[in-house]
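Asks: Take this structure, written in structure tokens, and hold onto it; I'll ask about it next.
Coordinate-derived values only; no laboratory data. In this text, all values refer to a predicted model and were calculated from it rather than measured experimentally. Quick reminder, even Gly has a Cβ in these numbers, built from the backbone with ideal geometry, and neighbours come from all protein chains shown.
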Amino acid sequence: MTTSDRTVGVTIRISGAAGDGVESSGAGFCTAIARGGLYAFGVPDYYSRIRGGHNFYSIRASPQPLYSHEDPVHLLLALTQESLPRHQGKIAAGGAILYDANLDVSPEEQVRDDIAFIGLPLSDMAQKTAGTTLARNTVALGFASGITGYDIGPLQSVIRENFARKGQQVIDGNLAAVEVGYVEGRKRACGFPYKLSAVPGAPARMVVSGTEAFALGALAGGCRFVAGYPMTPGSLVLHWMAAHSARYGVVIKHTEDEIAAINMAVGAAHMGARALVPTSGGGFSLMVEGLGLAGMTETPVVVYNAQRPGPSTGLPTRHEQSDLLFMLYASQGEFPRFVLAPGTHEQVFVAGWRSFNLAEKYQTPVLVFSDHYLATAMRTLDPDAFDFDAVQIDRGELLADTELDALDEPYLRFRVTGSGVSPRAVPGHPKAVWVSDSDEHNENGSITEEADVRVAQMDKRLRKMVGMVEEMSAPGLYGPAEAETTFVCWGSTVGPLREAVDRLNAGAGKPARANLLHMVDLWPMPVDAASRALGTARRLVAVEVNATGQMAQLIRTYTGRLVDDKILKYDGRPFTPQEIIARFQGR
Amino acid sequence: MVTREDYAGREPPTWCKGCGNFGILNAIKMALVDLGLAPHQVIIFTGIGCGSKLPHYMKVNGFHTLHGRPVPVATGARLANHGVKIMTVHGDGDGYSMGLSHLAHAARRNIGIVDIIQNNRVYGLTKGQYSPTSDAGMRTPTSPEGAIEHPVPPLALAISMGASFVARGYAGELRHLAGLIGQALQHQGYALVDVLQPCVTFNRASAYDFYNARVYKLEEAGHVVTDRDAAWRVAMEWGERIPLGVFYQVDGLPTYEEQVPALKAGPLVKQPLRKLRPEQVEALQAELR
């Protein structure tokens, strides 16, 4: 085993059919890991269906901070027949598969002789303790705690909370289910080399998805209007906002379609609300005309696109980052926009509030990327990971009532200014009565087709880019300043890629084998800063989850730099560090 | 004291001489003045079409949006500030074709907007194609052998979607139309006012002479506005007799916005925008542990 194949931590995977509670128990176990003072990184994998099929959840646990999931799996908890052939090949040597002996698992399916196959009557055990075979996953998680030597306390606390609303009897039944699984796991702990130990006295950490990070940031940043249409995985933000809407004073609207969503956001923002539209690529496709409306009328809106594989319906519950060029250029004509691609949960939180400030400061749409991996992966964060103190609510050129009171000339919503940003009123004040228009217009909003006015307004709108580009950060460097290879990525790919960089560099001398550049602020592209950063790369390798290397194309277009190689993945699944390294080494 | 002069626009309309939109413009101004509403207390969202340029021809807040989309823009505006009177004014192509879905959902939503359709039964600005309310058989650039589809019955659609105020006016009956718009403005919830609007350039067959010979007022025919079955019947009536007036009205139905928890404290944009308090931050982060 090479240094780069080395794993950090232990990965437990629970697999079953939709309806077996795979995702809830997986997420629950992540919380149990965090409560024991370890870091957990959880990733769901599910099909676009409600029952049946094959779902699995991988929980990676370690005493060190984690930024990614990884290969291989050390312990597989297999609730269905299908789980064995699907995952056997992914188990590390010395690992184990727990399977439900009540299922008819034939000897032919057990092809590995370097892992342990442990059959337990999980269905019976679940039925006898919790009164339902649905509790198989609970028995399995108890087993996982036992065999790894993990303290059972954290899992028990999660069970108590999860079933609190169902009454003491259900809680007790599930605790009993955990217990019987735990006892069986303890019996086999000796022969199982992969261990987890709780860390007493560790701080109370959070287990957070990218969805939650973004929604929290948006709420903190004054988002008070959310309009959206359910579409995986963008709707997760819509759900979070809906769940918090009454308590935090947010108006949320599940609209009739995505066209209504973007247009409602424009209407709400026009009246002065900070408006958000969460969606995915297909929904964004429908919103493109509305995006242009926002651009032409200089209405601040934030659109969040949690990408998934296309084209068209694609792979609804899977991962890709293939909307880059689309989001940069979408809608007819030319107008300024921001495009951000935060990649870590901390960056996502900041983007949540920063996007609204950028939108209002420059009176343009702000498009924020996420993706299925980032939106659904659960990462353990230290208590101070989200800097709420740093949150600012900056409304730019929004005119206060007192300023409008003092207005002694007709209000010009689209006044031509040096910066391109006009003083902004919202309807309701007697001195600011005007018509905004999707047609080309003059300073007071009246429709015009005069050539000189058209040029003046177009120049005004585009002139905003001068200020906008100053807001954009340079690509982030991770790793040593000098390296043989510089990887370049954008968005959530930074997670597995930074771990790959660490592994490549472990034990190597100078020059280091690798570093990475992470593109986060994508548009307006900070061309000078990006060119400088990319210019330091000896060998530049793009790592992207799409088929055509869209970031590589963007880099070439605006900096002239050609990448030397591309590592692309478009099978609907996120990279692991091991996969990046294997592809890099030509394996 | 609000007067007609307060609503005087600066730009001359681009409409053809004799266009029914002049009547509609005047009726809207009359209704607003009668109710004592000042220009800054109102915002008119329009779509795309000849009639959608209306807000430019009066002094009022306006937003000339996209074809078929003033209703969702107005809905978002209403949810953000239900202290301002929200109106949509748009043509039949805009409201009954491209925007048909939004009309249906606005009706079932009972969102507090006054939706005025300038129904000239043709596409004017794009030069004469047939519209969702054109008669089957109408010959136009996109229907050279005659339009194949039956027309949309917009009032019947609105009633079936649960609209709480459904009316039809006529640009040739100014006072009557102003009265209907005034009632719509006072109605709690979604109010649809379909307005027969002669287009003297592209639909001369359905101009003033045509309507004058056919329109009659429901209030003079004993129509009971709270009777839904009767409303259905008259909503489907078209031909030699064309009903005008309030077709259906339900008072006291809760509006969408009064059922939104976040709006109990008043219009959204009037609620102060503040950073989260420390105890709120703590509560939100505690959810994640």
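Asks: Rounded, prolate or oblate for the stretch A:208-381? Axes are the square roots of the Cα gyration tensor eigenvalues, ordered a ≥ b ≥ c, and the cut-off for rounded is a/c under 1.5.
Replies: Note, shape of the stretch A:208-381 comes out rounded.
Asks: Right, here's the next one. Please give the average number of partner chain Cβ atoms lying within 10 Å of the Cβ of each residue in B:271-281, rounded to a whole number.
Replies: For this peptide, the per-residue mean of nearby foreign Cβ atoms is 4.
Asks: May I ask for the equivalent-ellipsoid semi-axes of the stretch A:333-426, computed as the square root of five times each C-alpha gyration tensor eigenvalue and listed largest first in whole Å?
Replies: Working: eigenvalues 240, 58, 13 Å².
One finds semi-axes of 35, 17, 8 Å for the stretch A:333-426.
Asks: For peptide B:256-263, compute the average count of partner chain beta-carbon atoms within 10 Å of each residue's beta-carbon.
Replies: 3
Asks: Something else about it: Write down the percent of antiparallel bridges among all DSSP beta bridges whose residues are both part of chain B, to the nearest 5.
Replies: Values: 7 of 35 bridges.
Of those bridges, close to 20 percent are antiparallel.
Asks: Taking only DSSP H segments of four or more residues, each worth -39500 (n - 2.57), what value at 222 nm results for chain B once the sum is divided by all its residues, to the nearest 500 deg cm²/dmol?
Replies: That comes out to -8000 deg cm²/dmol.
Asks: What size of dipole, in debye to the nearest 20, comes out for the stretch A:3-191 about its Cα centre when the only charges are +1 on Lys and Arg C-beta atoms and -1 on Asp and Glu C-beta atoms?
Replies: Dipole magnitude for the stretch A:3-191 comes out near 480 debye.
Asks: Determine the shape class of the stretch A:118-192: with a ≥ b ≥ c the square roots of the Cα gyration tensor eigenvalues, call it rounded for a/c under 1.5, and otherwise prolate if a/b is greater than b/c, oblate otherwise.
Replies: oblate
Asks: Over the Cα atoms of the stretch A:401-470, what radius of gyration and what Dmax do you get, in Å?
Replies: 12.9, 36
Asks: May I ask you to order B:109-118, B:133-142, A:431-440 by the average number of other C-beta atoms within 10 Å around their residues, highest value first?
Replies: Put in order of decreasing packing, that is B:109-118, A:431-440, B:133-142.
Asks: Kirkwood hydrodynamic radius for the protein assembly as shown: how many Å is it when counted over pairs of different Cα atoms?
Replies: 29.8 Å
Asks: List the aspartates and glutamates whose Cα lies under 13 Å from the Cα of B:K270, skipping any in the same chain that are fewer than 8 positions away.
Replies: Straight-line reach from B:K270, under 13 Å: A:D401.
Asks: Report the equivalent ellipsoid semi-axes for the stretch B:1-145 in whole Å, largest first, defined as the square roots of five times the eigenvalues of the gyration tensor built from alpha carbon atoms.
Replies: Semi-axes from the Cα gyration tensor: 27, 19, 11 Å.
Asks: Here's a follow-up. With a ≥ b ≥ c the root eigenvalues of the C-alpha gyration tensor of the stretch A:3-191, is it rounded (a/c under 1.5), prolate (a/b larger than b/c) or oblate?
Replies: rounded
Asks: Hey, what do the phi angles of the stretch B:244-254 turn into as Karplus ³J(HN,Hα) couplings, whole Hz, using 6.51/-1.76/1.60 and θ = phi - 60°, x for Gly and Pro?
Replies: Once θ is set to phi - 60°, the couplings for the stretch B:244-254 become 10, x, 7, 8, 8, 8, 10, 9, x, 6, x Hz.
Asks: Would you compute, from DSSP H runs of 4+ residues alone, the mean residue ellipticity of chain A at 222 nm, taking -39500 (n - 2.57) per run and dividing by the full residue count, rounded to the nearest 500?
Replies: The helix-only estimate for chain A comes to -11500 deg cm²/dmol at 222 nm.
Asks: Taking each residue in A:235-246, count the Cβ atoms of any other chain within 10 Å of its Cβ, then average. What number comes out?
Replies: What the average comes to for A:235-246 is 1.
Asks: Continuing with the same structure: When the gyration tensor of the stretch A:476-584 is built from Cα positions, what are the square roots of 5 times its three eigenvalues, in whole Å, from largest to smallest?
Replies: In descending order, the three semi-axes are 20, 18, 11 Å.
Asks: Let me ask something else about it. When only C-alpha pairs under 8 Å and at least 6 residues apart count, what is the relative contact order of the stretch A:208-381, in percent? Each step should come with its number before you reach the end.
Replies: Numbers: 393 pairs, mean separation 54.9, N = 174.
Relative CO of the stretch A:208-381 lands at 32 percent.
Asks: Now for a separate question. Run the dipole for the protein assembly as shown about the Cα centre, Lys and Arg Cβ at +1, Asp and Glu Cβ at -1, nothing else charged, and hand back the magnitude in debye, nearest 20. All intermediate terms of the calculation are to be shown ahead of the outcome.
Replies: On the way: 81 positive and 88 negative charges, 148 e Å.
So the magnitude is around 720 debye.
Asks: Provide the percentage of antiparallel DSSP beta bridges, counting only those with both residues in chain A; round to the nearest 5. Present the calculation step by step, with values, prior to reporting the outcome.
Replies: Numbers: 27 of 76 bridges.
Approximately 35 percent, going by the DSSP bridge assignments.
Asks: Distance cut-off 23 Å, Cα to Cα: go down the list A:K253/A:K460; A:K90/A:K128; A:K464/B:K85; A:K253/B:K85; A:K253/B:K264; A:K361/B:K59 and report the pairs above it.
Replies: A:K253/A:K460; A:K90/A:K128; A:K464/B:K85; A:K361/B:K59
Asks: In percent, how large is the relative contact order of the stretch A:195-308, given Cα pairs closer than 8 Å and 6 or more residues apart?
Replies: So the answer I get is 28 percent.
Asks: If you don't mind, there's one more thing I want to ask. Between A:L134 and A:E471, what is the FRET efficiency for a Förster distance of 56 Å, r being their Cβ-Cβ separation, to the nearest 0.05?
Replies: Once rounded, the FRET efficiency stands at 0.65.
Asks: Whole-Hz ³J(HN,Hα) for each residue in the stretch A:217-222, computed from phi via Karplus 6.51 cos²θ - 1.76 cosθ + 1.60 with θ = phi - 60°, x for glycine and proline: what do you get?
Replies: Calculated HN-Hα couplings, in order: x, 5, 4, 4, x, x Hz.
Asks: Oh, and also: So who's got an amide H within less than 5 Å of the one on A:G53, skipping anything under 5 residues away but keeping other chains? H placed 1.01 Å off N, in plane.
Replies: A:A18
Asks: Oh, and also: Would you mind calculating the relative contact order of chain A from Cα pairs under 8 angstrom and at least 6 residues apart, reporting the percent as a whole number?
Replies: Reported relative contact order: 13 percent.
Asks: Quick check on the stretch A:476-584: of the DSSP beta bridges with both residues there, what percent are antiparallel, nearest 5%?
Replies: So the antiparallel bridges amount to about 15 percent of the total.
Asks: Can I ask one more? Please state, as a whole number in µm²/s, the translational diffusion coefficient that the Stokes-Einstein equation yields for the stretch B:116-234 at 4 °C and 1.567 mPa s, with Rh defined as the Kirkwood radius across alpha carbon pairs.
Replies: So the translational diffusion coefficient is about 84 µm²/s.
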